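Data first, discussion second: the structure below is written as structure tokens.
The values are calculated or read from the model by the stated rules, or taken from the named source; none is laboratory data. Keep in mind that what you see is a predicted model, and the values were worked out from it rather than measured. Ideal geometry is used to build each Cβ from the backbone, glycine not excepted, and the neighbour counts take in all protein chains shown.
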């Protein structure tokens, strides 16, 4: 397994091209664009200040939040699919990873982006689509049991790299593991609230 993990064949110029393309796709701040287009102002001025779908939902517009979730996922998938088509499978993995990074740290808005759950899912869809089914199943099971959206995502992101490794997809497993660690860091406030019992539950008001 270790030998397979280390056997990347991609050249540096192609890797750099994949990284740049992926980052540019991922850095599109759809949450901000959609809320402004809908006349709802700057989504960064409400709630957590995040540009992701969860904070867009705090505007009260569920359709806009759903659109943000979908577009934030598809921008990573699109980056992986397009780059993969022209530059190969390893380039697709790199593009997906950097789309995730672009979402978290978009250059256009001061490197202050989202927490990456939707873009994580989008990267999976682009490079290991069957894992999206597993992610969704885990998220749903934890959400139904605990009613914590953040915990559901955190558990799913923990399981995905392990599942990929078991299935022998070491390269994607390694990249998704790094993405999981980064997303955990971005969720540190949620983790703190979960540990303190103060995290908001799905459907809770106020």
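What number of residues within the stretch 114-134 are surrounded by fewer than 24 Cβ atoms within 10 Å (Cβ to Cβ) and assigned to a helix (DSSP H, G or I)?
Number satisfying all stated conditions: 5.
So for the stretch 154-168 (the condition being closer than 15 Å to residue 52 by Cβ and part of a helix (DSSP H, G or I)), does at least one residue qualify?
The answer is yes, given that some residue of the stretch 154-168 is closer than 15 Å to residue 52 by Cβ and part of a helix (DSSP H, G or I).
Which of the residues that make up the stretch 181-192 are in a helix (DSSP H, G or I) and either in contact (Cβ under 8 Å) with a residue 40 or more places away in the chain or farther than 24 Å from residue 90 by Cα (or both)?
Listed by number, the residues that qualify are 182, 183, 184, 185, 186, 188, 189, 190, 191, 192.
Residue under question is residue 60, and the condition is that it be out of contact with any helix residue (DSSP H, G or I) (no Cβ under 6 Å at 6 or more places or on another chain), at pLDDT below 90 and within 20 Å of residue 108 (Cβ to Cβ); does it hold?
When the stated conditions are applied, residue 60 does not pass them.
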